[in-house]
Amino acid sequence: MGKGGEKGEESGECKPQVRSYTWEEIQKHNLRTDRWLVIERKVYNVTQWAHRHPGGQRVIGHCAGEDATDAFQAFHINPSLVQKFLKPLLIGELAPGEPSQDRDKNSQLVEDFRTLRKTAEDMNLFRASPLFFSLYLAHIIAMEALAWLMVSYFGTGWITTLILACILATSQAQAGWLQHDFGHLSVFKKSSWNHIVHKFVIGHLKGASANWWNHRHFQHHAKPNIFKKDPDVNMLHIFVLGESQPIEYGKKKLKYLPYNHQHEYFFLIFPPLLIPVYFQIQIISTMIKRRFWADLAWAISYYMRYFITYIPFYGILGSLSLLTFVRFLESHWFVWVTQMNHIPMEIDCEKHKDWLTSQLAATCNIEQSFFNDWFTGHLNFQIEHHLFPTMPRHNFWKIKPLVKSLCAKYGVQYEEKSLGKAFVDIVGSLKKSGDLWLDAYLHK
């Protein structure tokens, strides 16, 4: 139960009564219809406000009943500005005898991580380079222009079309990494400018929805590799992941597919179909169902530009076929890059770990090189990106040694591997999970 507490008047203003709460009481409020969370020892009731949250209500719900301080700091580039939305939601604070962290988390580790974040701020590592992102956008537009020039001068032969498709797939992949930067508010100092350019890049350059991406991707960052919270590990019964899920499926005799062969049918289902089929259906249905009309308008502008450009050369059916093939190629690129950092890592139910430990358990890095940086959109620094999602990607290498040092101090595994091994580990992880399922299915 909450303990009564009262603040006096400050600066002549009468303050409402402030109550003190224990963690035991706060942790009860983690339901969809009853959501409390703690930020810097302040207790907020976000139940009624969650549906207005720009990042989606689910990401807030995933933090209900626990300390959300580090998540709050990670996702907002101007926390003091956001405080004006939190102020009316304040219902109390942690009781004086309660620890700042819930569920016996290592308070010294948490404090050291927050000190590291302050160090990164003092090093100006959250300040973006306008030149870097301008050149990045320019090289995407240049590829789009090159593709048009090729078909204009060399015609629509098979070799020209294949090269053109590869150029467009590269442009789309790189635009995907760029929209990721703006979506995480890591380019401009003002959130509004990031949101505007994000809609342009993901909408006009890719034909997708900014709101769809935000609501999905922020859940992944808040609770990476956590079943029922991270949508990226919701495999719709097509794959079983990690160690606990395949055993659970096996014991329950669930066999939607022969999971002991999932490392083989992965090549036929996941890389070829994710973007051209699953994502396209999800994006369009989400924009219509949730009435994201601005996103829909941006997406329509992409398709208008594309078809106006290529119908004169390929016709309607040919342009549709080309677009499908481009997305087929991009999908392979996207799947291998995004899954190599997560599928081989720990995937399980909610364990309520601290921010540093939970992010490191679910992510790994890929060795740095100019090619790896470009090819992955700097997602080879997945650990640093997950710890500091609003940090501009060109600064990840600067904070990396400090992150490794902090992990070494507390015995938190910091995993880094080559690009080739990362790709191999995806398949190996799927095979391992499939074997666990088969053993449990047959013998448990």
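The values are calculated or read from the model by the stated rules, or taken from the named source; none is laboratory data. Every value quoted in this text rests on a predicted model; they were computed, and no experiment measured them. Methodologically, a virtual Cβ is constructed for each residue, glycine included, from the backbone with ideal geometry; neighbour enumeration extends over all protein chains shown. Please note that ligands, DNA and RNA were not included when accessible areas were found on the heavy atoms of the full protein model with its side chains. Shrake-Rupley method; radii C 1.70, N 1.55, O 1.52, S 1.80 Å.
The table below lists the values:
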{"quantity": "Exposure rank, largest accessible area first [TYR256, TYR278, TYR310; 1.4 Å]", "calculated": "TYR256, TYR278, TYR310"}
{"quantity": "Most mobile of ARG127, ARG58, ARG32 in a GNM of the chain (Cα contacts under 10 Å)", "calculated": "ARG32"}
{"quantity": "Cα Rg over Rh - the range 301-407, Kirkwood", "calculated": "1.15"}
{"quantity": "Two-decimal Rg/Rh across the range 316-361, once Rg and the Kirkwood Rh are taken from alpha-carbon atoms", "calculated": "1.32"}
{"quantity": "Per-residue ³J(HN,Hα) for the range 163-176, Karplus 6.51 cos²θ - 1.76 cosθ + 1.60, θ = phi - 60°, Hz, x for Gly and Pro", "calculated": "5, 4, 5, 5, 5, 5, 5, 5, 4, 5, 4, 5, 5, x"}
{"quantity": "Semi-axes of the equivalent ellipsoid for the range 183-270, Cα gyration tensor, largest first, Å", "calculated": "35, 15, 9"}
{"quantity": "Over the range 10-105: Kirkwood hydrodynamic radius from C-alpha pairwise inverse distances, Å", "calculated": "13.8"}
{"quantity": "For the range 103-160, alpha-carbon Rg relative to the globular expectation (2.2 N^0.38 Å, N residues)", "calculated": "2.29"}
{"quantity": "Accessible carbon and sulfur surface of the chain relative to its total accessible area, %, 1.4 Å", "calculated": "62"}
{"quantity": "Amide H within-cut-off set for ARG35, under 5 Å, with H built and near neighbours excluded", "calculated": "VAL46, THR47"}
{"quantity": "At 1.567 mPa s and 4 °C, Stokes D of the range 35-178 from Kirkwood alpha-carbon radius, µm² per second", "calculated": "67"}
{"quantity": "Radius ratio Rg over Rh of the range 180-336, counting only Cα atoms, Kirkwood formula for Rh", "calculated": "1.03"}
{"quantity": "The range 103-247: C-alpha gyration tensor shape, a/c 1.5 cut-off, then a/b vs b/c", "calculated": "oblate"}
{"quantity": "Whole-Hz ³J(HN,Hα) from phi, Karplus 6.51 cos²θ - 1.76 cosθ + 1.60, for the range 117-133, glycine and proline x", "calculated": "4, 5, 4, 4, 5, 5, 7, 6, 7, 9, 9, 7, 9, x, 5, 4, 6"}
{"quantity": "Tail weight of P(r) past 23 Å, computed on alpha-carbon pairs of the range 235-327, percent", "calculated": "49"}
{"quantity": "Spatial extent of the chain: Rg and Dmax, with the Cα atoms as the point set, Å", "calculated": "23.5, 80"}
{"quantity": "Taking the C-alpha atoms of the range 130-214, convex hull volume expressed per residue in Å³", "calculated": "83"}
{"quantity": "Packing-based order for 242-253, 373-384, using average beta carbon neighbours within 10 Å, highest first", "calculated": "373-384, 242-253"}
{"quantity": "Per-residue SASA entry for ARG35, accessible area with 1.4 Å probe, Å² rounded to 10", "calculated": "20"}
{"quantity": "5 angstrom amide H check on TYR21, placed H, neighbours 5+ away", "calculated": "LYS3, GLU93, LEU94, ALA95"}
{"quantity": "Accessible heavy-atom area order of MET304, MET143, MET391, MET123, highest first, probe of 1.4 Å", "calculated": "MET304, MET123, MET143, MET391"}
{"quantity": "Table column - 3J(HN,Hα) (Hz), the range 234-246, Karplus curve with 6.51, -1.76, 1.60, x for Gly and Pro", "calculated": "8, 9, 6, 6, 7, 10, 10, 10, x, 10, 7, 4, x"}
{"quantity": "Heavy atoms of ASP112 accessible to a 1.4 Å probe, total area in Å² rounded to 10", "calculated": "30"}
{"quantity": "Residues whose placed amide H lies under 5 Å from that of GLY55, excluding near-sequence neighbours", "calculated": "none"}
{"quantity": "Helix axis angle, 210-222 relative to the chain longest principal axis, alpha carbon, degrees", "calculated": "50"}
{"quantity": "Binned Cα-Cα distance frequencies in the range 394-437 - 10 Å width, integer %", "calculated": "23, 30, 33, 14, 1"}
